[in-house]
Amino acid sequence: MTAPAFPTVRMRRLRKTEALRSLVRENRVETNDLIYPLFVEEEIETKVPISSMPGLFRIPEIKLAQEVKQIYAEGIKSIMLFGVSHKKDASGSDSWSPDGLLSRMVKRAKDAAPDLVIIPDICFCEYTDHGHCGVIDSKNGHVHNDMTLNNLAQQAVNAANAGADIIAPSAMMDGQIAALRQALDEAGHTDIPLMSYSSKFASGFYGPFRAAAGCDLKGDRKTYQMDPLNGREALLPLAVYQVSGEYAMIKFASAAGALDEKRVVRETLGAFKRAGADLIITYFARDIAREGF
């Protein structure tokens, strides 16, 4: 074969060895980047397997402290808490009660590991008997935006009072950040940051999560969550959520021998970093911390 007349650019020179590849690698996924989601159920005594998400469980509230200590010992620096309530009503009022599940699980987690960053999910789908993310407007059957804002404000202040380090509203109500910021500031929580879902899509990939959190519903959330086909409507977040459907797909594909789980997990998390994310909320966080995928 005749050699080319002029030298070509050979990027492969930087891929020859692992040491070279590591030297020029643009993005790295570290344990410090990860936030581990945790489902906490009241009034149960043993862990409940989540069939659609292999390897994950609903954690009994009475055993939350033990679980949190273990998570912290594994090197995870932050957890996101989702309550599985047995006291649901039309407005999700248990979530703004100082004696409710949201408040109790935040306190238990913070007491168990004071240096762990505790981020409660601020929404109502886990606490309403209809499974929607807010108050239903009796006139049209849709979620009422402004009434929901009032309730979210109470929920956020309650979580901050309980010891939350970051408030993570996921209800996708218009104006929720301004409303929650004002409520938190007025309650004296001026130093509590907000990590809002700027782009939460009305996606089919939330199915396993809804089963895990006990928030299945009739109908859909298309009137207040984003169209999955839209791009300009979304903002690139600093933190991304590797949703339950992707976790389930990787787990089931790995179990079937179709994918190398460790390699694919690293690749998907790396793709989030490549896209510009600083933090990753992922159900694989403990696997990464324990085994260093």
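Every number in this text was worked out from the coordinates using simple rules, so none of it is lab data. This is a predicted model, so every value here is computed, not measured. Neighbour counts are summed over all protein chains in view; Cβ atoms, including those assigned to glycine, are modelled from backbone coordinates with ideal geometry.
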Using a Förster distance of 45 Å, the FRET efficiency for PHE57-ARG13 (Cβ separation, nearest 0.05): 0.40
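How big is the Cα convex hull of the stretch 29-291 in projection, averaged over all directions, in nm²?
Result: 13.7 nm².
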Relative exposure of TYR241, TYR72, judged by other C-beta atoms within 10 Å (fewest first): TYR72, TYR241
Added length on full extension, which subtracts the Cα-Cα distance from 0.36 nm per residue, PHE205 to LEU229: 7.3 nm
FRET efficiency, ALA256 to THR31 (Cβ-Cβ, R0 35 Å, nearest 0.05): 0.80
Other-chain or far-sequence residues with amide H under 5 Å of SER78's (modelled H): TYR36, VAL117
Footprinting exposure proxy for ARG104, ARG28 (fewest neighbouring C-beta atoms within 10 Å first): ARG28, ARG104
Zone of LYS87's modelled label, taken as backbone nitrogen in the stretch 122-149 under 16 Å from a point 7 Å along Cα→Cβ: 126-129
Under 5 Å, built H, 5+ apart or other chain: amide partners of ARG58: VAL48, ILE50
Virtual spin-label span in nm between ASP137 and ALA178, 7 Å along Cα→Cβ: 1.8 nm
Chain lengthening between ASN150 and GLU291 when straightened (0.36 nm per residue, less Cα-Cα): 46.4 nm
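Where does the chain land at 222 nm, in deg cm²/dmol rounded to the nearest 500, when only DSSP H runs of n ≥ 4 count, each adding -39500 (n - 2.57), divided by all residues? Before the final figure, lay out the partial values.
Numbers: 9 runs with 97 residues, N = 293.
The helix contribution divided over the chain gives -10000 deg cm²/dmol.
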Integer Hz, Karplus 6.51/-1.76/1.60 couplings in order for the stretch 152-168, x for Gly and Pro: 4, 4, 5, 5, 5, 5, 4, 5, 5, 4, 7, x, 4, 8, 9, 9, 10
